[in-house]
Structures are given as structure tokens and as C-alpha cells.
Amino acid sequence: MLLSLFKTRSRTECEVRLHDGTRFRVRPGETLLDAALAAGLDAPYNCRVGACRTCRCEVVEGKANSLVDRAYVLEPHDLQRGAYLACQTQPLSDLVLRWEMGHRPESGITAKVSGQAQLTPRVWRVSLITARALQASPGQYVGVRVPQGENPAWLRPYSIVSLAPHLDGSLLHLDVARHAGGRMSTWLTSADAIGQAVQLAGPFGDCVAGSDAAPLAAAGAGSGIGAACGALMESHARQPSRPTLLLAYGAQLQDLYGADALAASARRHGARHLSLAWAEHAPTAASGTARGRAPFGLDAIGAWAASWSHTPSQATHDARVLLYGPSGFVDACLPVLHDMGFGAERIRFDRYQSPSEETT
Ligand SMILES: Cc1cc2nc3c(=O)[nH]c(=O)nc-3n(C[C@H](O)[C@H](O)[C@H](O)COP(=O)(O)OP(=O)(O)OC[C@H]3O[C@@H](n4cnc5c(N)ncnc54)[C@H](O)[C@@H]3O)c2cc1C
Ligand code: FES
């Protein structure tokens with residue numbers, strides 16, 4: 001284990017040269033994005049946690065280490081071209097990169113916080129009304145930016161649970177878990193936020209139901225249950241005959257929510273093939289999930305996929321899986337799903353990583 005850590009981290013400073021000749025240095029443990037920004041470059045980024053792909057660059061020469069499995073976050077043709085996400089990459093040697101500088105301005109849209117409803121002891125559903133219509137799908141995420149006077153604005157991504165037309169704009173629902181000491185989550189779930197204006201960037205991400213007919217499983221932990229339900233509800237509205245499975249994880253029974261609303265949506269749209277599975281104690285990377293062992297009910301996905309396949313050995317090649325939740329949860333699920341036969345092209349996920357938790 002220690003050996004592999006040393007292998008994947010340069011112990012000396014590395015030099016990066018961009019295709020236009022610009023040079024900057026990367027200290028041990030720093031990501032390419034952090035180093036580029038520290039050097040005053042106008043590097044493009046948005047989420048800084050490997051979700052939006054805005055910071056995509058290509059390694060032309062040298063060796064780099066990705067902090068996330070690139071097969072899950074980049075397309076096969078991008079991988080062939082040596083693509084990496086700069087916010088999740090550390091150099092292992094001096095590098096030559098093809099990376100277009102120029103921070104692309106976000107397509108900002110003004111919204112007002114219009115309501116909050118507490119769903120569980122930790123999760124609130126926050127309603128926002130946007131000033132103009134937002135084109136997005138449940139399961140995508142928006143960057144919520146709150147101006148802080150002279151100080152830098154807070155910017156945090158939140159998954160869209162649902163959205164509907166409202167006057168000239170959209171009514172948007174986000175499920176927000178309140179973290180002790182968390183600036184944005186505490187503010188968004190407090191009475192102070194009601195009636196306040198925020199800026200939204202996006203939508204971003206592709207962790208959505210999509211339009212194919214393959215059986216669709218969505219697993220959510222904590223506030224990720226909302227996005228999982230939202231994606232499945234969209235699938236019911238679009239393709240009622242598509243088999244769907246919700247797998248919801250909470251730390252305790254009272255953290256589980258969403259099943260009633262999801263079942264009601266299935267009835268409303270005539271979607272008869274909805275399955276529900278629940279588990280307390282979400283798997284986490286820290287809980288020591290052994291490879292090859294399906295923990296905490298994840299095997300329900302394999303069994304369910306097989307029940308919808310004409311050729312059970314091909315089941316996991318047919319079904320698609322969406323994952324939403326804390327990074328430890330997603331990181332525990334990915335290798336298990338992979339061992340169960342789900343290829344990277346069948347899995348989409350959003351890791352609810354806080355910028356303050358980033359590994360650098
Ligand atoms: C693509 C994406 C989608 C997301 N969608 C959602 C969503 O739908 N709902 C949602 O609730 N969150 C979501 N998040 C996480 C969200 O963006 C914030 O990171 C989270 O709300 C914490 O922000 P904060 O300002 O409250 O905490 P910060 O002020 O950034 O952090 C302060 C402290 O709070 C604690 N903390 C912060 N985050 C966590 C955490 N995840 N686990 C444990 N402790 C933490 C830590 O002690 C941290 O040091 C998403 C993140 C990403 C990247
Ligand atoms: S900034 Fe790197 S993926 Fe979003």
C-alpha cells in the first residue's frame with residue numbers, strides 16, 4: 001500500500017510546459033489546476049472535483065497520475081488522446097500539455113431561494129425560482145453562487161432533484177445535507193436564505209436517465225437519494241415501460257426518504273416496473289469494502305439487472321447505473337459494480353465532494 005502511494009506521487013517539483021510555451025511549476029501533492037491558478041494562469045475550471053470536465057487537458061509528453069479512475073470520467077476517445085482532468089491530476093515527471101487557457105465565463109442565471117422543507121434530520125429540500133427558464137434534466141447539477149460582499153463568493157454544486165416551468169423561469173428543487181461547519185449548506189437550509197438572490201451556473205454533468213430503454217438503477221446516499229429519485233421520475237415520465245430500481249442508503253432508517261413520491265410518480269405515469277431497495281449504513285471507501293464482495297445491498301442491482309435480461313450472463317452489460325452521494329460512497333460502489341460486470345460506459349456518478357475535502 002505504502003509502495004503504491006510513493007509510486008503515484010512525485011516527490012520533487014515538476015515543470016509543466018503548455019503547447020504555447022507557457023511554463024509553470026507543480027509542487028509535490030499539488031494538482032495541475034491548483035498549480036496553474038497559483039501561477040496566475042487563466043485556467044478553465046468549474047467544480048474542481050472531477051465532475052464537470054471543464055479543466056480537461058491532454059498530456060503530450062511525460063507521466064501523470066489521475067486521482068480518479070479516468071475511465072469513469074472521460075470518454076474512450078478522450079482517453080486515447082491522453083486526456084486528463086487537471087483538477088484531479090498530479091504530474092509524475094515534467095510534462096508537456098495541450099491545455100487551452102481562458103476561464104470560460106459561466107452562463108449565470110439569477111434565482112431566488114423561495115422555500116425549504118426538512119426531509120430528514122440532515123436533509124432539506126430547497127426551492128429556487130429562476131429568473132429565466134433553465135434547460136436541464138434531474139440528476140444534472142448547478143453551481144450555486146452566493147455573493148459575500150467584499151469576500152470571494154461561495155460556489156458549491158448541487159444536484160437537481162426536479163424542475164418545472166414557473167412564470168418566466170423555472171421552479172427548481174435541490175436536496176441539501178446540512179454539514180456542521182459547512183458554510184453553504186448551513187446558509188441554504190437556514191431562514192436567512194429565504195427570499196435571497198443567488199447565481200446559478202450550469203447545468204453540468206451527465207448523471208441523468210437519458211433516453212434509451214435499458215433497465216435503469218439509481219443509487220443515492222444521504223441527500224443523493226433526491227437526485228436518484230429525480231432521475232427515475234424523469235425516466236417514468238419519458239418511458240413508462242423502462243424497468244427502474246431505486247437503491248437508497250442512509251446512516252439510519254430516518255435518513256431514508258423519497259420512496260412514496262417515487263411510487264406516486266410511477267403510478268401517475270403508468271410505470272409498472274419500479275423496484276425499491278433500502279439499506280442503512282451506506283458503503284464507504286473507509287469501511288474497507290473488499291473487491292468482489294457486493295456490500296450493503298449493492299448485489300440487489302446485479303440480481304435486478306439479471307431479472308430483466310433475456311441472457312442473464314449479459315445482464316450487467318444491458319443495465320445502466322447512476323450513483324449520487326458522498327465521495328466515499330461512490331468510491332466504494334465503483335469497484336464492486338465493476339467486478340459485477342458493469343462497464344464504465346454503463347455507470348454515471350456524481351461524487352458530492354466538498355472543495356474543502358479535496359485531496360491535494
Ligand atoms: C457534482 C456535485 C454535486 C453535489 N450535489 C450535492 C447535493 O445534491 N446535495 C448536497 O447536499 N451536496 C451536494 N454536493 C456537495 C456540495 O457541493 C457541498 O460541498 C456541501 O454542501 C458542503 O458545502 P459547505 O459550504 O456547506 O461546506 P464547506 O464550508 O465547504 O466545508 C466546511 C466543512 O464542512 C464539512 N463538510 C463539507 N462537506 C462535507 C461532506 N460532503 N461530508 C462531510 N463533511 C463535510 C467538513 O468538515 C468541511 O471541512 C455536491 C458536490 C458535487 C461536486
Ligand atoms: S474543474 Fe475539473 S472536472 Fe470540474
Practice prompt. Count, please, the residues in the stretch 28-55 that happen to be charged (D, E, K, R) and either over 19 Å from the mean Cα position of the chain (by Cα) or over 17 Å from Pro157 (Cβ atoms) (or both).
Written response: 3
Worksheet item: Based on what the data block shows, is Ser93 within 16 Å of ligand 1 (Cβ to nearest atom) and more than 15 Å from Ala201 (Cα to Cα)?
Response: no
Worksheet entry | Single match in Tyr72, Tyr84 (criterion: within 14 Å of ligand 2 (Cβ to nearest atom), modelled with pLDDT under 85 and not charged (D, E, K, R)) | Tyr72
Item to complete: Return yes or no: is Val321 among the β-branched types (Val, Ile, Thr), in a helix (DSSP H, G or I) and either out of contact with any helix residue (DSSP H, G or I) (no Cβ under 8 Å at 6 or more places or on another chain) or at pLDDT 90 or above (or both)?
Response: no
Practice prompt. Being buried (at least 24 other Cβ atoms within 10 Å of the Cβ) and modelled with pLDDT of 95 or more is the filter here, so list the residues in the stretch 190-215 that pass it.
Written response: Ala209
Worksheet entry | Asp260 in the same structural domain as Gly343 (by TED's automatic domain parsing), at pLDDT 90 or above and surrounded by fewer than 19 Cβ atoms within 10 Å (Cβ to Cβ) | yes
Practice prompt. Those residues that are within 30 Å of Val144 (Cβ to Cβ), of a type in the set (Asp, Glu) and surrounded by fewer than 20 Cβ atoms within 10 Å (Cβ to Cβ), I need them from the stretch 14-53; list them, please.
Written response: Glu30, Asp42
Worksheet item: With respect to the numbered conditions (1) away from ligand 1 (no atom under 16 Å from the Cβ); (2) under 30 Å from Ala191 (Cα atoms); (3) of a type in the set (S, T, N, Q), which one is the sole condition not fulfilled by Asn46?
Response: (1)
Worksheet item: Mind checking whether some residue in the stretch 201-213 is away from ligand 1 (no atom under 14 Å from the Cβ) and charged (D, E, K, R)?
Response: yes
Worksheet item: Taking into account only those residues within the stretch 7-43 that are β-branched (Val, Ile, Thr) and part of a loop (DSSP other than H, G, I, E, B), which is nearest to ligand 1 (Cβ to nearest atom)?
Response: Thr31
Worksheet, complete the sentence: With the first residue restricted to the stretch 293-316 and required to be among the hydroxyl-bearing types (Ser, Thr, Tyr) and surrounded by 14 or more Cβ atoms within 10 Å (Cβ to Cβ), and the second required to be at pLDDT below 80 and not in a helix (DSSP H, G or I), Cβ contacts under 9 Å at 6 or more apart or on different chains are Thr316/Ser309
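The values are calculated or read from the model by the stated rules, or taken from the named source; none is laboratory data. What you are looking at is a predicted structure, and each value in this text was computed from that prediction instead of being measured. No Cβ is skipped: glycine too gets one built from the backbone with ideal geometry, and neighbour counts run over all protein chains shown.
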